[in-house]
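**Q** First the structure, then my questions, so here it is.
The values are calculated or read from the model by the stated rules, or taken from the named source; none is laboratory data. Keep in mind it's a predicted model, so treat the numbers as computed, not measured. For neighbour counting, all protein chains shown are included, and Cβ atoms are generated from backbone atoms with ideal geometry for every residue, glycine included. In case anyone asks, the SASA skips ligands and DNA or RNA and just uses the protein heavy atoms, side chains included. Shrake-Rupley method; radii C 1.70, N 1.55, O 1.52, S 1.80 Å.
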Amino acid sequence: MLPLLSDSPAPPRTARMTRVYAQMPRFQRVKVSVLGRYMLADRREFPCQVLEMSPGDAAVIAPVAGNVGEKVIAYLDHIGRVEGAIVDSIDGGFVMEVAASPRKRDKMAAQLTWLANKDVLNLPEDRRHERVVPDNRHSTVVLDDGRRYNCKIIDISLSGAAIELAVRPAMGTPVTLGRMRARVVRHFQDGVAVEFTSAQEMLTVVQQNLRIN
């Protein structure tokens, strides 16, 4: 499950809120096609697709639009956790402002540039660390509620792993892979990709910690 939001009710749409959004710094949106999941203030989760995004806002195609002013948390492929509030409705979804630090906005701008150009320029997949096939490919995944599943490591890096898994926890779900704390950041046909809570310094340490206890 995604992290919980506060139980305070979503504020109604007001002229003040519209003015605040109008005064926000403007960022240029780029066209992307990013899948993900989002959670509204009542903790309901839904799949979504982002078609345009900037470091300041995002146009989200969603089955449930929510209310203007409502808090929303999203986990997006390639981008990760994004939070903010709904500021407008669009056909088939909503526009959300993105609440982020200047440093996170800079990082997001670089990732969005890569996403917008990777198909046009035939760029390779963005991988911060080299991935290798581990010596021992068998490990376990444990969810926070204690459920344990056997898995097979497809490849690993200093920052994460791709694993074959019979279940597909929601994006953002905390898991323990072997002895490594991680979270789910991507789904694919036969499993999931996870990102370790902290990047490791040596690949040998990663492989040792992926072994079944």
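**Q** At R0 = 22 Å, how high is the FRET efficiency between Asp155 and Thr176 if r is their beta carbon distance? Nearest 0.05 is fine.
**A** Working: r = 19 Å, r/R0 = 0.86.
Taking R0 as 22 Å, the efficiency between Asp155 and Thr176 is 0.70.
**Q** Any chance you could run the full-extension gain for Leu51 through Ala166? It's 0.36 nm times the residue separation minus the Cα-Cα distance, nm to one decimal.
**A** Numbers: separation 115, 0.36 × 115 = 41.40 nm, distance 2.97 nm.
Difference between extended and current length: 38.4 nm.
**Q** Then there's this: Report the gain in length on full extension from Lys31 to Leu143: 0.36 nm times residue separation, minus Cα-Cα distance, nm rounded to one decimal.
**A** 36.8 nm
**Q** On a 27 Å Cα-Cα criterion, which of the cross-link pairs Lys71/Lys152; Lys31/Lys152; Lys31/Lys104; Lys71/Lys104 come out too long?
**A** Lys71/Lys152; Lys31/Lys152
**Q** Where the centroid of each part is defined by its Cα atoms, how far is segment 81-113 from segment 45-79 in Å?
**A** About 8 Å separates the Cα centre of segment 81-113 from the one of segment 45-79.
**Q** Ok, one more. Ignoring ligands, DNA and RNA, what accessible area per residue does segment 59-108 give at 1.4 Å, in Å²?
**A** Each residue of segment 59-108 exposes 44 Å² on average to a 1.4 Å probe.
**Q** What accessible area per residue comes out for segment 148-198, rounded to a whole number of Å², with a 1.4 Å probe?
**A** Accessible area per residue: 42 Å².
**Q** What's the carbon and sulfur percent of segment 127-195's accessible surface, probe 1.4 angstrom, rounded to a whole number?
**A** So the carbon and sulfur contribution to the accessible surface is 43 percent.
**Q** Calculate the FRET efficiency for Ala109 and Thr197 from the Cβ-Cβ distance with a Förster distance of 25 Å, rounded to the nearest 0.05. Let's see the in-between values first.
**A** Details: r = 25 Å, r/R0 = 0.98.
Using R0 = 25 Å, I get an efficiency of 0.55.
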